[in-house]
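Written below as structure tokens is the structure these notes are about.
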Amino acid sequence: MIDHAPKTHLRLGVAGIGTVGAGLLKLIERQDELRLPGRLEVTAVSARSRSRNRGVDVSGYRWFDDPVEMATADDIDVLVELVGGSDGPAKLAVEAALKAGKAVVTANKALIAERGLEISKLAESRDNHLLFEAAVAGAVPIVRALRNSLSGVIVSRVSGILNGTCNYILSEMLRTGAAYEDVLADAQRLGFAEADPYLDVSGIDAAHKVMILASIAFGAQPDFSKVFVEGVSDIEAMDLQLADKFDYRIKLVAEAYRANGEIGCRVAPVLVRKDHPLAQIGGPLNAVVVEGEPIGRLTFTGPGAGAGPTAAAVMGDLARLFEGRSGPPLGKLTGDLEGRFSSRAPSEDMASFFIGARLADRSGVFAALTEALAEADVSIDKIIQDSAGEDETAPVALITHPTSRSTLEGVLAAISEQAIAADKPRLFRVETRS
Ligand SMILES: NC(=O)c1ccc[n+]([C@@H]2O[C@H](COP(=O)([O-])OP(=O)(O)OC[C@H]3O[C@@H](n4cnc5c(N)ncnc54)[C@H](OP(=O)(O)O)[C@@H]3O)[C@@H](O)[C@H]2O)c1
């Protein structure tokens with residue numbers, strides 16, 4: 001049986017001493033400066049390389065090559081899982097710890113988004129703690145807010161900028177006019193992007209995070225297969241700059257919303273008006289906007305990643321463990337999570353859309369573009385054509401009146417057959433609400 005009485009002392013086993021793990025150990029060294037209700041003691045650590053310099057002295061902690069073995073050690077009360085990945089050692093260690101009656105604190109969004117249901121069920125069946133504030137938006141305390149403080153709110157939408165790497169890249173492309181590949185290379189040099197940026201730029205990282213928020217906010221069992229995901233790698237600097245002339249920013253928006261009795265969940269580049277709270281979020285910051293009754297709208301913002309901010313979020317969960325029982329991991333018991341994620345692709349949803357393209361240098365192409373749209377019954381709200389550059393193609397951007405994405409995909413296919421555009425046109429939804 002788990003002892004849920006308040007504690008004054010917790011013994012930790014830290015699995016993973018990379019960016020976040022090392023950040024956490026450094027913060028624990030400074031615990032006298034924090035406001036914790038008890039004492040944290042690191043008894044054991046686990047990573048792959050024992051000899052790697054981590055900028056923090058780990059020689060005083062018991063070393064485990066295998067985090068799963070550490071998870072069940074007698075002298076730990078809490079497994080802090082900072083390895084990462086939805087399967088493999090992270091999942092095995094978390095499961096072993098929960099079964100052995102150890103509380104689990106993790107920053108692992110892939111694990112919670114993809115395996116959250118089974119892991120939460122396991123935690124519940126053992127009446128055990130599973131906390132994961134650091135898995136979403138780093139230092140921004142949005143998981144706890146949705147789970148606890150906002151549990152009295154009927155949420156209609158949660159939207160956010162949940163990937164600082166993408167937000168940095170888009171902010172820099174707009175600021176400098178540089179191409180995606182060049183800005184990504186700079187971001188990697190400056191430490192704003194991983195050597196392998198795939199999970200970030202593909203939108204999958206943001207999708208993991210929004211699935212976690214959606215599950216809690218809408219009381220639904222996590223189902224990662226239901227998130228529709230698009231990344232940022234197709235966006236051109238000209239799209240950002242022409243959207244700016246329309247008074248919009250292009251952001252990678254992760255959002256979950258109620259529609260037709262189901263929950264839609266998607267990640268995609270979206271044009272948001274410059275006076276929308278998400279448009280104000282520049283560089284590597286994260287933000288989450290929660291909308292619902294009877295509160296209206298709440299905006300949270302702050303550093304969404306990095307050693308310090310993420311370690312601070314882990315520390316908040318550890319502080320919570322001193323207080324005793326922490327409740328079901330996803331807010332409600334997994335058996336009571338009755339919300340349903342929609343399988344319906346958002347391509348039939350009516351919305352305004354942005355099209356950005358470079359038009360071929362031939363007479364009549366501009367008219368051919370507008371004719372192709374008119375033939376599909378799509379009316380244009382705004383259109384800009386910039387003067388042709390050295391490559392003698394003319395950047396064009398337009399915003400349509402509400403139509404469906406699939407209609408516009410048909411138009412773009414026709415445009416491509418007639419060689420009207422000199423590049424592959426981009427199609428992004430426009431959020432017209434401020
Ligand atoms: N970095 C961030 O800003 C951030 C923000 C929010 C959430 N997170 C999440 O936090 C977790 C950790 O991220 P991170 O950036 O700290 O990753 P990281 O720097 O790559 O560190 C991963 C750690 O796990 C260890 N590890 C990997 N495979 C292992 C194995 N089989 N057995 C034992 N140890 C193993 C590594 O050991 P070695 O050091 O010996 O290689 C390393 O210490 C992930 O779930 C991530 O999604 C990270």
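The values are calculated or read from the model by the stated rules, or taken from the named source; none is laboratory data. Predicted model, so just to flag it, every value in this text is computed and none were measured. FYI the Cβ positions are ideal-geometry reconstructions off the backbone, even for glycines, and counts take in every protein chain you see.
Some observations on this one:
- Region 1-22, residues that are in a helix (DSSP H, G or I) and either away from the ligand (no atom under 12 Å from the Cβ) or surrounded by fewer than 24 Cβ atoms within 10 Å (Cβ to Cβ) (or both): T19, A22
- Counting only helices (runs of 4 or more DSSP H) that sit wholly inside region 182-247, those with at least 2 residues that are surrounded by fewer than 22 Cβ atoms within 10 Å (Cβ to Cβ) and modelled with pLDDT of 95 or more are 198-201, 237-245.
- Complete set of residues in region 366-394 that are of a type outside the set (A, V, I, L, M, F, W, C) and either at pLDDT 95 or above or more than 20 Å from L242 (Cα to Cα) (or both): E371, E375, D377, S379, D381, K382
- Test result for G38, in the same structural domain as P67 (by TED's automatic domain parsing), farther than 24 Å from A96 by Cα and surrounded by 11 or more Cβ atoms within 10 Å (Cβ to Cβ): yes
- Subset of region 34-51 that is more than 16 Å from the ligand (Cβ to nearest atom) and in a strand (DSSP E or B) - its residue that is farthest from A22 (Cα to Cα): R39
- Residue count for region 63-113, restricted to those that are within 11 Å of the ligand (Cβ to nearest atom) and either free of Cβ contacts under 8 Å to residues at least 24 places away in the same chain or outside the structural domain of V45 (by TED's automatic domain parsing) (or both): 5
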